Amino acid sequence: MWLASISKKNPITKTTIMAKDWSNTLRARADQILGRVLDGVGDPERERSFSMCLTHCRHRAVSDNELARLPDAFRCGVARSLAGGPLVVHWTKGITPTLSAEPCENLKLVRHPTFGALLPQDCGACPPCRAREIVEKTGAPCTLSREELSA
């Protein structure tokens, strides 16, 4: 999976603008930039656009040719240290929906003790959070359904 992300600073305060506060125009411009950054890599028919707290992001699946060139150790590695769920998934193309890549259903904003910024905190109990926990613990995709994770 390829990942490209972009953030935007307020020109006056020099602080990073929360991605949830971006205008549709700014997000569209960011999508254009991310498309150019990823030009020539991965499979542009399999990607997703989403926002994290401070960044607008694009995941793009590796191409079959890229995957074939990766060493076995890469393909057998275990996923670790997920960044948490997205705040919003804007669009997907050619990717099977995955619960672990969906936003928390009960997201809370918690003030960071040092920086004072409100940061998202996953609830840990909803199906997307439980799916992320399974991926984190096993290193494998979560194949359980929303109903199974809700039980």
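The values are calculated or read from the model by the stated rules, or taken from the named source; none is laboratory data. Just so it is clear, the model here is predicted, and its values are computed rather than measured. Please note: Cβ atoms are built from the backbone with ideal geometry, for glycine as well, and neighbour counts cover all protein chains shown.
With respect to the stated conditions, residue 19 fails to be in contact with a strand residue (DSSP E or B) (Cβ under 6 Å, 6 or more places away or on another chain), over 28 Å from residue 131 (Cα atoms) and of a type in the set (Gly, Ala, Ser).
Restricted to helices (runs of 4 or more DSSP H) entirely inside segment 45-144, those with at least 3 residues that are charged (D, E, K, R) and farther than 30 Å from residue 33 by Cβ are 127-138.
Rundown of residues vs (1) in contact with a Pro (Cβ under 7 Å, 6 or more places away or on another chain); (2) of a type in the set (Asp, Glu); (3) modelled with pLDDT under 80; (4) surrounded by 18 or more Cβ atoms within 10 Å (Cβ to Cβ), yes/no style:
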| site | (1), (2), (3), (4) |
| --- | --- |
| 104 | yes, no, no, yes |
| 109 | yes, no, no, no |
| 113 | no, no, no, no |
| 116 | no, no, yes, no |
| 121 | no, no, no, no |
| 126 | no, no, no, yes |
| 131 | no, no, no, yes |
| 135 | yes, no, no, yes |
| 140 | no, no, yes, no |
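Going residue by residue through segment 21-37, is there one that turns out to be touching a Leu at 6+ places or on another chain (Cβ under 8 Å), farther than 19 Å from residue 92 by Cα, outside any strand (DSSP E or B) and modelled with pLDDT under 90? No, that holds for no residue. Scanning segment 20-74 for residues that are of a type in the set (Lys, Arg), touching a residue at least 12 places away in the same chain (Cβ under 8 Å), out of contact with any Phe, Trp or Tyr (no Cβ under 6 Å at 6 or more places or on another chain) and under 30 Å from residue 117 (Cα atoms) gives 20, 27, 48, 58.
Mind listing just one residue for me: the one in segment 22-53 that is surrounded by 15 or more Cβ atoms within 10 Å (Cβ to Cβ) and small (Gly, Ala, Ser) and, of those, nearest to residue 67 (Cα to Cα)? The selected residue is 42.
Hey, does segment 80-96 have a residue that's modelled with pLDDT under 85, farther than 24 Å from residue 9 by Cα and either over 20 Å from the mean Cα position of the chain (by Cα) or surrounded by 14 or more Cβ atoms within 10 Å (Cβ to Cβ) (or both)? Within segment 80-96 (the criterion being modelled with pLDDT under 85, farther than 24 Å from residue 9 by Cα and either over 20 Å from the mean Cα position of the chain (by Cα) or surrounded by 14 or more Cβ atoms within 10 Å (Cβ to Cβ) (or both)), the answer is no, since none of the residues qualifies.
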